[in-house]
Amino acid sequence: MSSNKKYWKSVEELNENSSIVETLRNNEFVEAIPTDEFLSDKESLSSSSTTRRDFLKYVGFSTAAATLAACEGPVHKSIPYVLQPEQIIPGVADYYATTMFDGFDFANLLIKTREGRPIKVENNTIEGAKFSANARVHASVLSLYDNLRLKQTKVAGKDATWQEADLKIKSSLADAKAKGGQIVLLTNTLASPSTEKLIAEFIAKNPTAKHVVYDAVSESAALDAFEAVSGERALVDYDFSKANVIVSVGADFLGDWQGGGFDAAYAKGRVPQAGKMSKHFQFEANMTLSGAAADKRVPMTVAEQKLALVKIYSVITGSAVATGKIANEDAVLKAAQQLRDAGSKGVLVSGIQDKNAQLLVLAINQALTSEAFSTVGTRQVRKGSNEKVAQLIADMNAGTVHTLIMSGVNPVYTLANGDAFVSGLKKVKLSVSFALKEDETALVSSIAIPAPHYLESWNDLMLTKGTYSLVQPTIKPLFSSKQFQEALLDWNGNTQSFYDYIKANAANYISGTTWNKALHDGLFVGAVGATSISSADFGAAANALAQTKAVQGFELVLYTKTGLGDGQQANNPWLQEFPDPITRVSWDNYLTISRADAEELGVENRIVADGGLNGSYVTINAGNKEITAPVIVQPGQAKGTVGLALGYGRKAALKEEMQVGVNAYVLYANFNNVQSVTITKAGGEHEFASVQSQKTLMGRGDIVKETTLQIFNTKEAKVWNPQPVVSLDHKEVEATSVDLWESFDRSIGHHFNLSIDLNSCTGCGACVIACHAENNVPVVGKEEIRRSRDMHWLRIDRYYSSEETFAKDVEKKEGFDGLFGDKGSLGGFGQMESPADNPQVVFQPVMCQHCNHAPCETVCPVAATSHGRQGQNQMAYNRCVGTRYCANNCPYKVRRFNWFLYNNNDEFDFYMNDDLGRMVINPDVNVRSRGVMEKCSMCIQMTQKTILTAKREGREVSVDEFQTACSAACSTGSMVFGDVNNKEDKVSKLVEDKRMYHLLEHVGTKPNVFYHVKVRNT
Amino acid sequence: MKKVGNHNSISRKILFSLAFTLVFSLTLFAQKTAAPAADAAAVSAPAAAGDAVAGKALFNANCAACHKLDAKSTGPALRDVANKYDKAWLYKWINNSSAMVKSGDAKAVKIFEEYNKSVMTSFPQLSTADIDNILAYTSEPKAEPTTPVATVAASGQSADSGISNNVILGALALVLLMLVVMLFFVNNVLTKIAKANGVEVAQKQASLPLWKAFAKNQFLVLVSSIFLLLASGYFAYGWFMQIGVDQDYAPVQPIHFSHRIHAGSNGVDCKYCHSAARVSKNAGIPSLNVCMNCHKNISEVADTTATAEYSKAFYDGEIQKLYDAVGWDKSTQKYTGKTNPVKWVRIHNLPDFAYFNHSQHVTVGGIECQKCHGEVQTYEIQKQFAPLTMGWCVNCHRETNVKVEGNAYYDKIHQELSKKYGKEKLTVSDMGGLECGKCHY
């Protein structure tokens, strides 16, 4: 049978009169191929050395050679130590306790080393170790192997030796001393007793010297306030576990506020115990992690926050201070009353960069006699003074600074008036920069000296008063670096090494223990009294604050992102690829803007055909500064405010791929994180690499289950944690009771389960980076992320609710009736897609659920994925042929496909593409190649190792000995891993808990990962 | 088939046995010449004040760790030490050397300084008679003539046996040639006789050549081509399956290290050098400082160590390579600090995607090293004994019982699993040792 259907190859063919179509009908090519031109040139043809025969010979030879070469196995060389260090056994990991502080982040750590290479950062869990690693600290081990680190001393931009530089510096110091010129040591906050002692000695030797402390992200207001009442320049180390009512006015204490590290104590009070949990009010402009965790979050501008703080002060202290009316006054008053009622069980914190506001915080907590507010062991991690830095820049420009020595700072990049600093630097006779990278400041300094990474150096730290921590090297310095402290010793004429110096000095701090014990533990907790604080004129501060007026235009609130922080580790691909917990955007910073303001300005976010997220550009104008940035319409952003993250837009010593975002520091005038700006729409669209396009849960309550404390306390579990039911023989039965498959008996041996408590998960992302490091998860880059090809084995989903609460979302979905109309699902789902202006937020870490009845296993044509009796869903990479059936059949979308070879590939020039970066790779985990599927293995290499250790020692596995990378990294205790067949393990109790539920239980996959219903104390 | 008669089998046998006896008598002669030389060496020891034989035993038990007769070691060479020092002084020194150094005896201090201030162990248990015996042994003249004679004899012997092989072959070739010639003559003679007697020699009928007959038989062609296809398929499969399997891979190493000498002759425990096998996933190639634990003193092999293939000089040269690598100056008995790490050629190359842990097998499982590495103590050159294929691993996991005795880890799980499977002994696979994820992650 013939058909009249017309087939066509191109649109051109439909055009009857096209000459091309006519030509093509007769010829293969539209134009004749110019063979004549080529063949007629006899001369060049004959002069060509390669004849046709030669060509064939070459082809034949190379094919044969390749075939022959393929038969021969490669010869591997094995080079043992000449003199093997006593502690190192190849194949066995060693752990060293150390402490990290880079002027911004700090943590008590254990460093895992293999054959002398640090490969992973882990939390030091010894008693007294307070600070767990956040995402950036976990990633810092990769920054050690950064190929763009400064490797050689540079004098005037040219390679030199340390000795040459040292001579120059010494002569300059002598010159300054002789002429009475000013010598300035500009450093980040050191928090190091020995370094501070060295600096004091340096100043004693050079009377014209002074020390200026500079924090890139300033906490000067809080420091000034605390100094005013106590005389000590420090910060209060709040203990949120002791608070029942927490009121935060613009303080992202789960993020980087005052250094962060409060999340573990906070989470303790967030898990309902005996029907009780803490209540958390958050008043803020940007949507932060703290806002996401809060029970009641009120978006408000910073100006309003100041007034709110005054109002709370009035309620708590009973002193009437006249303030203007603010929106959401009811919520503020309600919070204030609850705080007052909580008394000593309440605490108030604020992130407003205003000394008066910070004085009120002290006043309020003093009035409450808050237990969480303790002046015992104050934080020493921020010391910077805004005035002194401003004075230094003025001095430099006035030409009165003779020698400037910098360590750990990058003012040219991080100062709003970086250009003034550069011009001042030109008037300084000699400027020296100790820097990890040849950063913006090192580039314009006369001498740049490579500083060692904290994993290569000795140091001592006092993060909180009374706790003496030690920093020890875990690897020999990779480059010819010189530590700032070693240099100071040299200039002081002290021939000791810094190690000996610390050791001698440590005796003052570690009374009652030995140096070796302190070094082994990583820290020593000494006895310390409370810093006494007196009163100040709080009334005047309140009155001054009450005069706050709303700013003109938009209020720009500068913040630090969970991924990059202050931007020191901008060349770290793990952190760049880490999706922001709130916006789920990686590889970028952006202006967050409320929906109302976005509509007014006519800017938008839209999802384009390939699934990527695009955003309009806007121009941000602050006085004489102007930058253009893309926008993200942020649900929960206070109207009239916009947010922009610091730490991006760096250029110096950064790989091209990492040079993303805009530098927000240029807007950080006078160290004030709130700036008045005007915003106008600019042309063009920005392509984001966002890993979660859909923003709300769309009422699918079986993914995230949430309830309120009241319902949780009064109703039965089946009300707030309903078990899914299915129809069997026309009867409703529990979904778990119906199964296609027979179950394997897992009661013998180990059976691993992972518990995730949605209540204590703050979305900090430490687990994501820990997983990256442990499992050699590749970095794929911005372009690939945009194509949804991210490789994270563990993702933290963030859900908003389209209504005020998730419960109302579910109600709305349940109420859908028909397709069209008011209650129609067609329009209804469309509405649900856009989150509310002040949505509730839930974080849900999702990794392979290790289903006992896994859908992926049944569809694999080559049985590359199979199930172990210990509960793991195993993946044999060498067996996988890459059909991707498993990923398609996975209801949790946790399988990741290697679209490319991500190591040794110039197209993916991240850490796995150079020898230095590859040193971080975990030798116990395979590096996957292209074309295979990979996913969370439940860290089988770690459970296997635990089992082997027990076998070797001839004992049973201890209680809670099993760990995964994510559970070990989780500082809040949200993730708990263990053996459910061991009744002593924490996880066996958690699996019996009433709040326990499985993800998509009705699918019948019987996962080995389970979640705990989120309870909100509304 | 045509039957071929063997016309001269007797003469062949005779010739063959002649060649045989000839060859053997040669080697016997070689041995005889070597024997008297060795005897002479034994007799030539001169008598001394003490009993040199007892002295030798004492020397080996007490002194040999630090002293050699003719070369410096940790301590000085002891040959003729009795002539260098006063006997009474020697008694005192051997019984308590450190006391002498302390007392400031000039000779004692000198020797103490000369040998890097290493304190010589005191031997209060040695009586003067014992010391006399030792001195008698050290006073024996160096057995100059014996060693060379022995080596010459030994090398002569090896050379002789090489010649004898050639002789056998040559004789055989000669015999065969003779046979062919004789056959030809016999044939000629017989034909002539036949002709002379008027007997007709039957001419062969020209028949169809064999290959043509074969080609005509289609059934045979079919069957044989199927057979050929199957056979070639079988061999091709076998060939493909051995790709990447490096069984018997025995590369040339930068230092000729003989496991035969170390693990075999000297009975050094495998895990003395490969100590990491007990605790680590890698057994590890020992670092050079481990070699130096023994080789600080052992700078040359014993005469008996040398074989036909590798001479003593060869082995001593290999030890010298170790010294060069580790930077040990034999003459001054000191490290020079100049090291040159040895680049061994790795023999066992497991692919990255397979995880193997030695400690699991060696310490927990109690598996003998030889099970996977072969009789290493007999290997002159180390080779890969096992195929290291997955099938090889899996087979062993199927067959091997888990060693559970005395390991508290297994107590509970073993009891429960035994009950479940109803058997007394559990194999590795019963415990889940065949799961993909146990080795691939």
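The values are calculated or read from the model by the stated rules, or taken from the named source; none is laboratory data. As the structure is a computational prediction, the values presented were derived from the model and not from experiment. Every residue, glycine among them, receives a Cβ derived from its backbone with ideal geometry; neighbour counts consider all protein chains shown.
If you go through segment B:145-184 and keep only what is polar (S, T, N, Q) and at pLDDT 50 or above, you end up with B:S161, B:S164, B:N165, B:N166. None of A:A807, A:A836 is touching a residue at least 60 places away in the same chain (Cβ under 8 Å) and assigned to a helix (DSSP H, G or I) except A:A807.
To keep it simple, each residue is scored yes or no on (1) within 25 Å of A:D354 (Cβ to Cβ); (2) touching a residue at least 24 places away in the same chain (Cβ under 8 Å).
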position	(1), (2)
A:I393	yes, yes
A:L415	yes, yes
A:D419	no, no
A:G424	no, yes
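The set of residues from segment A:505-531 being closer than 20 Å to A:A97 by Cα, surrounded by fewer than 16 Cβ atoms within 10 Å (Cβ to Cβ) and not polar (S, T, N, Q) comprises A:A507, A:G512, A:W515, A:K517, A:H520. If the condition is being more than 21 Å from A:G684 (Cβ to Cβ), part of a loop (DSSP other than H, G, I, E, B) and within 18 Å of the chain's Cα centre (by Cα), then segment A:631-653 contributes A:G647, A:R650. For segment A:1002-1018, the candidate set comprises residues that are among the charged types (D, E, K, R) and either under 29 Å from the mean Cα position of the chain (by Cα) or farther than 21 Å from A:R869 by Cα (or both); within that set, the residue that is surrounded by the fewest Cβ atoms within 10 Å (Cβ to Cβ) is A:K1014. Among the residues of segment A:935-949, at least one is touching a Lys or Arg at 6+ places or on another chain (Cβ under 7 Å), within 20 Å of A:V768 (Cα to Cα) and within 14 Å of chain B (Cβ to nearest Cβ). Taking segment A:930-1018 as the region of interest, none of the helices (runs of 4 or more DSSP H) fully inside it holds 3 or more residues being closer than 23 Å to A:E857 by Cα and among the hydroxyl-bearing types (S, T, Y). Of all residues in segment A:950-969, those satisfying the criterion of being away from chain B (no Cβ under 14 Å) and farther than 21 Å from A:V925 by Cα are A:V959, A:D960.
Filtered by the rule that a residue be at the interface with chain A (Cβ under 8 Å from one of its Cβ atoms), under 21 Å from A:P80 (Cβ atoms) and either without any contact (Cβ under 8 Å) to a residue 40 or more places away in the chain or among the aliphatic types (A, V, I, L, M) (or both), segment B:341-369 gives B:V342, B:V345, B:R346, B:D352.
Does any residue of segment B:419-427 turn out to be within 13 Å of chain A (Cβ to nearest Cβ) and small (G, A, S)? No: zero hits.
Note on segment A:937-949: among residues that are crowded, with 19+ Cβ neighbours inside 10 Å and of a type in the set (A, V, I, L, M, F, W, C), the one that is nearest to A:L754 (Cα to Cα) is A:M938. In segment B:275-294, how many residues are surrounded by 17 or more Cβ atoms within 10 Å (Cβ to Cβ), touching a residue at least 12 places away in the same chain (Cβ under 8 Å) and farther than 15 Å from B:G366 by Cα? Count: 7. Within segment B:292-309, does at least one residue satisfy the condition of being at the interface with chain A (Cβ under 9 Å from one of its Cβ atoms) and among the β-branched types (V, I, T)? No: segment B:292-309 contains no residue that is at the interface with chain A (Cβ under 9 Å from one of its Cβ atoms) and among the β-branched types (V, I, T). Comparison of A:L150, A:L110 shows that the only residue that is closer than 21 Å to A:A264 by Cα and either touching an Asp or Glu at 6+ places or on another chain (Cβ under 7 Å) or surrounded by fewer than 23 Cβ atoms within 10 Å (Cβ to Cβ) (or both) is A:L110. Could you identify the single residue in A:I475, A:I510 that is over 29 Å from the mean Cα position of the chain (by Cα) and part of a loop (DSSP other than H, G, I, E, B)? Step by step, each of A:I475, A:I510 is checked, and only A:I510 is over 29 Å from the mean Cα position of the chain (by Cα) and part of a loop (DSSP other than H, G, I, E, B).
Which residues, taken from segment B:354-392, are crowded, with 16+ Cβ neighbours inside 10 Å, of a type in the set (S, T, Y) and farther than 20 Å from B:A276 by Cα? Result: B:Y379, single match.
Against the numbered list (1) exposed (fewer than 14 other Cβ atoms within 10 Å of the Cβ); (2) free of Cβ contacts under 8 Å to residues at least 24 places away in the same chain; (3) more than 29 Å from B:S258 (Cβ to Cβ); (4) within 10 Å of chain A (Cβ to nearest Cβ), B:Y410 comes up short only at (1).
Among the residues making up segment A:335-369, those that are more than 19 Å from A:W257 (Cα to Cα) and hydroxyl-bearing (S, T, Y) are A:S344, A:T369. Of everything in segment B:393-406 that's surrounded by 15 or more Cβ atoms within 10 Å (Cβ to Cβ) and closer than 19 Å to B:K423 by Cα, which residue is farthest from the other protein chains (Cβ to nearest Cβ)? So, considering only residues that are surrounded by 15 or more Cβ atoms within 10 Å (Cβ to Cβ) and closer than 19 Å to B:K423 by Cα, the one farthest from the other protein chains (Cβ to nearest Cβ) is B:C396. Restricting segment A:353-405 to residues that are of a type in the set (V, I, T) and over 24 Å from A:L430 (Cβ atoms), the residue that is nearest to the chain's Cα centre (by Cα) is A:V381. Per the conditions (1) more than 30 Å from A:P635 (Cα to Cα); (2) away from chain B (no Cβ under 14 Å); (3) part of a loop (DSSP other than H, G, I, E, B), the sole criterion not satisfied by A:T858 is (3).
State all residues of segment A:71-106 that are away from chain B (no Cβ under 12 Å) and either exposed (fewer than 14 other Cβ atoms within 10 Å of the Cβ) or at negative phi (or both); if no residue qualifies, say none. If the condition is that a residue be away from chain B (no Cβ under 12 Å) and either exposed (fewer than 14 other Cβ atoms within 10 Å of the Cβ) or at negative phi (or both), then A:Q87, A:Y95, A:Y96, A:A97, A:T98, A:T99, A:M100, A:F101, A:D102, A:F104, A:D105, A:F106 are the ones that fit.
Once segment B:370-392 is narrowed to residues that are in a loop (DSSP other than H, G, I, E, B) and small (G, A, S), the residue that is farthest from the other protein chains (Cβ to nearest Cβ) is B:G374.
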